[in-house]
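Note sheet for the following structure.
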Amino acid sequence: MKKRVVIVGAGFAGINAARELRRADLDVLLIDRQNYHLFQPLLYQVATASLEQESIAYPARNFVRRLGDHINFMLTEVIDIDLDNKRLITTTEPVSYDYLILAAGARTNFFGNKAIETHAFRLKDLDDAVALRNHIMRCFERAAQTDDVEERKAWLSFVIVGGGPTGIEFAGALSELINTVIERDYPEYDAGKESSIMLVEGMDQLLPGTPKNLAEYARVRLEKMGVDVRLGQLVVDATPRSITLKDGTVIQGRTLLWAAGVKASPLADKIDAPKARGGRIAVNDYLSLDDHPDVFIVGDITYKEQDGKPLPGIAPTAIQMGKYAARAIKRIEAGEEPEPFHYFDRGWMAVIGRGTAVANTFGIKVTGVIAWLLWLLLHIFYLVGFRNRLIVMLGWAYDYVFFDRKVRLILNWTDTAKLPAVTPLMPEERQETPQPERM
């Protein structure tokens, strides 16, 4: 009887582990609470009306079907892990394993601030992206229906917390949406002049931990696009109608996006192992647990240091971890010792806007159009499925040529239509799926 490998999570780590096992003499089961793989780095483009939500998701069963008959998919949610008996407790039935690859991802970290958790939007799954797009488009409609200058200003005020790639990319995309499309669509007001976008970052630079010249380039470009960048500042409170900064500034606005950090999936609490910042599970050099070498922890749920620094929570890290775990299992089955995991840093990149981005690839710092083209090529390469790649490329080409956003829709795709227009989905109604973070 073949041994069974169970992979929990269909994010970047999970699908790459499954792909690496496509020729292994093992039974493989991929488990996720959603029936699709989500390309999370492009969620902000769904939220800013550039891409349809279906174009960045790929059916999990279609993915595993192409890998072989020995790889299957199960739609369920893992709620507990019995390491001693090698068993997962799910919402449907128990699942036994010989090897476990835990790739359960991460969720938004509000750092204990309940007011912000209640009133801020997040951007971690498709529901979040569509809810945010619905809300943004509704704000533009509400602004067109009032003659009160202050009320209109509140509807057109957007605050983004977090100066990492998600915050930068969303701020740039929202600015372009307002200054190209919304100005044309809404003759009732001057969207370019009356709208405001504020990007708040607690550190003294954008893209913390990156070269200062690239961070400064991103700041200057965003400010030229009309984004008010606030460094060394924090958001400490929020209501449905206002956002309060640490220095006491109160912004009358209806939209707060929180992109300021993540913490491990709740499944991390089910593992009796040392935890690091954000509740991530500390692993050994083989991405496993000392007491349970048959359990591999990969992706954003993992804490691993290399050269004295924690590995970044980005898609390339998760991809390398997922592949490594699968290869380690194959080596163990072949009677060989796995090599220690080593992360190869290929760099990072973030798009700012039309024809401009920042990138640090293989130690080479690139800005402007070249970085933008690299960003486009990389994201197309990592998208799963030919159809998705084609749709995304056509969507980008359409937007670039016609200066348009074709998905300016307010849908009842989520439950937002049942809620007051000024209030985002409440946490209890917005069940967040832990996901990997960034490219």
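We did not get these values from a lab; they are worked out from the coordinates using the rules stated. What you see is a predicted model, and the numbers here were worked out from it, not measured in a lab. Don't worry about glycine lacking a Cβ; one is built from the backbone with ideal geometry, like all the others, and counts go over all protein chains shown.
What is the helix-to-structure angle for 212-224, meaning the angle in degrees between its Cα long axis and the longest Cα principal axis of the chain, kept from 0 to 90 and rounded to the nearest 10?
Roughly 40 degrees between the two axes.
Arranged by the count of other C-beta atoms within 10 angstrom, fewest first, what order do 384, 149, 161 take?
Least to most surrounded, the residues fall as 149, 384, 161.
Apply the Karplus curve 6.51 cos²θ - 1.76 cosθ + 1.60, θ = phi - 60°, to the phi angles in region 344-356 and return the couplings in whole Hz, x for Gly and Pro.
9, 7, 8, x, 8, 7, 8, 8, 9, x, 4, x, 9
What does the charge count near residue 94 come to, summing +1 for each Lys or Arg and -1 for each Asp or Glu among other residues with Cβ under 12 Å from its Cβ?
Every neighbour counted, the sum reads -1.
Which residues' amide hydrogens lie under 5 Å from the amide hydrogen of residue 262, considering only partners 5 or more residues apart or on another chain, with H built in the peptide plane?
Hits under the 5 Å cutoff: 109.
Take the chain, connect every pair of alpha-carbon atoms lying under 10 Å apart with a spring to form a Gaussian network, then pick out the residue of 110, 296, 402 with the largest mean-square fluctuation.
Of 110, 296, 402, the most mobile in the Gaussian network model is 402.
Have a look at 74, 283, 50 and report the one farthest towards the positive end of the charge dipole of the chain, computed about the Cα centre with Cβ charges (Lys/Arg +1, Asp/Glu -1).
50
Pick from 27, 300, 185: which residue has the top mean-square fluctuation in a GNM of the chain where Cα pairs under 10 Å get a spring?
185
Give the distance, in whole Å, between the Cα centre of region 78-111 and the Cα centre of region 316-351.
20
Please list 3J(HN,Hα) in residue order for region 357-366, calculated via the Karplus relation 6.51 cos²θ - 1.76 cosθ + 1.60 where θ = phi - 60°; whole Hz, with x for glycine and proline.
7, 10, 8, 10, 10, 6, x, 9, 8, 10
Does the chain come out rounded, prolate or oblate, given a ≥ b ≥ c as the square roots of the eigenvalues of its C-alpha gyration tensor, rounded meaning a/c under 1.5 and, failing that, prolate meaning a/b above b/c?
Since a/c reaches 1.5 and a/b is larger than b/c, the shape of the chain is classed as prolate.
Which of 282, 397, 215 ends up with the largest GNM mean-square fluctuation for the chain, with Cα atoms connected below 10 Å?
Of 282, 397, 215, the most mobile in the Gaussian network model is 397.
In sequence order, what are the phi-derived ³J(HN,Hα) couplings for region 303-308 according to the Karplus relation 6.51 cos²θ - 1.76 cosθ + 1.60 with θ = phi - 60°, rounded to whole Hz, with x for glycine and proline?
10, 9, 9, 9, 6, x
Sum -39500 (n - 2.57) across every DSSP H segment of at least 4 residues in the chain, then divide by the residue count to get the 222 nm mean residue ellipticity, nearest 500.
-9000 deg cm²/dmol
Give the distance, in whole Å, between the Cα centre of region 128-168 and the Cα centre of region 255-310.
So the separation of the two Cα centres works out to 34 Å.
Under the classification rounded if a/c is under 1.5, otherwise prolate if a/b is larger than b/c and oblate if not, where does region 263-358 fall, given a ≥ b ≥ c as square roots of the Cα gyration tensor eigenvalues?
Oblate, because a/c is 1.5 or more while a/b does not exceed b/c.
Output the 0 to 90 degree angle, nearest 10, between the alpha-carbon long axis of helix 165-176 and the longest principal axis computed from the alpha carbons of the chain.
Rounded to the nearest ten degrees, it is 30.
Using a simple charge model, +1 on the beta-carbon of Lys and Arg, -1 on the beta-carbon of Asp and Glu, nothing else, what dipole does region 165-281 show about its Cα centre, in debye to the nearest 20?
Approximately 520 debye in magnitude.
With contacts defined as alpha carbon pairs under 8 Å and 6 or more residues apart, what's the relative contact order of the chain in percent?
Value for the chain: 22 percent.
As I understand it, the value is the acute angle between the Cα axis of helix 126-144 and the longest principal axis of the Cα atoms of the chain; what does it come to in degrees, rounded to 10?
Here the helix axis deviates by roughly 0 degrees.
For residue 79, list long-range residues whose amide hydrogen, built 1.01 Å from N in the peptide plane, is under 5 Å from its own amide hydrogen.
Excluding prolines and chain starts, which carry no amide H, the hits are 89, 90, 91.
Sort the following peptides by mean Cβ neighbour count (other Cβ atoms within 10 Å, averaged over residues), highest first: 331-338, 77-84, 357-364, 12-19.
Order by mean packing, descending: 12-19, 357-364, 77-84, 331-338.
Quick one: of 212/309; 212/246; 2/263; 114/193; 224/406; 365/406, which pairs are farther than 28 Å apart, Cα to Cα?
Exceeds cut-off: 2/263; 114/193; 365/406.
Near the amide H of residue 121, under 5 Å away, which other amide H atoms are found, from residues 5 or more places off or on another chain, if H is placed in the peptide plane?
Here 256, 257, 258 satisfy the definition.
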